[in-house]
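For reference, the structure discussed in these notes is given below.
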Amino acid sequence: MSPGPRLVVLDEADAVADHAAAHIVGKLAPKPDLVLGLPTGETPRGIYARLAGAYRTGEVSFARASSFNLDEYQGLPPDHPASYHAYMREMLFRYVDIDPARTHLPDGLASDATAEGRRYEKAIAEAGGIGLMVLGIGGNGHIGFNEPGSPFDSRTRAVRLTEATREANRRSFPEGETVPEFAITMGIATILEAREILLVATGPIKAEALAAALTGPETLRCPASVLRRHPAVTIVCDTAAAAGIRLRA
Ligand code: PGA
C-alpha cells in the first residue's frame, strides 16, 4: 500500500508557487535531463515565473530537459493567444534555455486526433517516460482535460470539454471568441505512469474538488481521486484550497 499523497498546506498562493518551483528545481538540478510533464492555466503562472528566475540566477538549466504538456485545445493554431503553445512560450520557454525541439504539446490542428494521441504517447515513451508530472486540478476534479467520467485507463486522445471548464477558461480568450468544445489531453493512465506527480491548487474554488480527491471515494466522478493510487504524489495547496479537507477530516 502506498502511504498516499503527501500534503503541503501553505498560507497563500505565493508560498505555493515558491514551494512548487523549489520542488521542481530540486529535481531538475541534480537530473538535468529530467522529462517534465507541464500544466497550463492560472495556477502555474507563478511557478513558471519562479522557474525563469531560477534559470536567470544560474540555479538551474533546462538545456538538457524535455517537456510534455498535458493538453491543447483542438482547432487552435500554435500562435493563437489562448493556445497552450502560446501560453508555454510566453510563460516559460522564451525565458529559459530549453531546446524548443524537446518541448512537446499535443497538436490541436491534427486532422486525425487518434493518430495524434498515439504519436504523443510514443514521443513520451521514446523520451523515457515522464519523470515529474506537474498538475493542476479543475474545480470539477479534472486533471489535464480528463473531465469527470474519463476512464482511468485512458490515454492521450480527443475529449469534449464540460461547460464548467469552458466557462472557467473563458477569461483567457479574446472578447467575443468562443472557447473550443474539444481538446487533446494526456489520459489518466498517461499521467499515472509519471514517476512522480506534483499537484498544485490554490483558492477556495478548488476546495471541494481537492477534498473529494483526497477524502472522498475513488471515483470517475472526481478524476483526481485516482492519484491516491500513485506511490509518489505531493500536493501543494493554500489554506483556501485545503479548507474542505479539514471540514471532512
Ligand atoms: P487553473 O486550471 O489553474 O486555471 O485553475 C487548473 C485546471 O483546470 O487543471
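No lab work stands behind these numbers, since they all come straight from the coordinates. The shown structure was predicted, so the numbers you read here are calculated from the model rather than taken from an experiment. All Cβ positions, even for glycine, are placed from backbone atoms using ideal geometry, and neighbour counts span all protein chains on display.
The residue that is nearest to ALA232 (Cα to Cα), counting only those in the stretch 122-139 that are over 16 Å from the mean Cα position of the chain (by Cα) and touching a residue at least 40 places away in the same chain (Cβ under 8 Å), is GLY128. Filtering ALA125, ALA189, ALA211 for residues that are more than 12 Å from the ligand (Cβ to nearest atom) and in contact with a Pro (Cβ under 9 Å, 6 or more places away or on another chain) leaves a single hit, ALA189.
Selection of the stretch 72-119 for residues being surrounded by 15 or more Cβ atoms within 10 Å (Cβ to Cβ), part of a helix (DSSP H, G or I) and of a type in the set (A, V, I, L, M, F, W, C) yields ALA86, MET88, MET91, PHE93, ALA113.
Criterion first (of a type outside the set (S, T, N, Q), more than 20 Å from VAL233 (Cα to Cα), out of contact with any His (no Cβ under 8 Å at 6 or more places or on another chain) and within 13 Å of the ligand (Cβ to nearest atom)) does ALA164 satisfy it? Yes: the conditions hold for ALA164. The residues of the stretch 218-233 that are in contact with a helix residue (DSSP H, G or I) (Cβ under 7 Å, 6 or more places away or on another chain), surrounded by fewer than 17 Cβ atoms within 10 Å (Cβ to Cβ) and of a type outside the set (D, E, K, R) amount to a single one, THR219.
Is there any pair with a first residue in the stretch 24-48 that is within 14 Å of PHE93 (Cα to Cα) and a second that is among the small types (Gly, Ala, Ser) and near the ligand (Cβ under 10 Å from one of its atoms) whose Cβ atoms are under 6 Å apart and which are 6 or more apart or on different chains, and what are they? Hits for this filter: PRO39/GLY136. Which of the residues spanning the stretch 23-44 are assigned to a helix (DSSP H, G or I) and exposed (fewer than 15 other Cβ atoms within 10 Å of the Cβ)? Hit for the stretch 23-44 is GLY26, nothing else. Quick one: what pairs do we get from the stretch 143-159, first residue in contact (Cβ under 8 Å) with a residue 40 or more places away in the chain, second within 13 Å of the ligand (Cβ to nearest atom) and part of a loop (DSSP other than H, G, I, E, B), C-beta under 6 Å, 6+ apart or different chains? Qualifying pairs under 6 Å: GLY144/LEU70; GLY144/MET186; GLU147/THR162; PRO148/ASN140; THR156/MET186. Annotation: ARG157 fulfils all but one of (1) among the basic types (Lys, Arg); (2) touching a helix residue (DSSP H, G or I) at 6+ places or on another chain (Cβ under 7 Å); (3) within 16 Å of the ligand (Cβ to nearest atom); the unmet one is (3).
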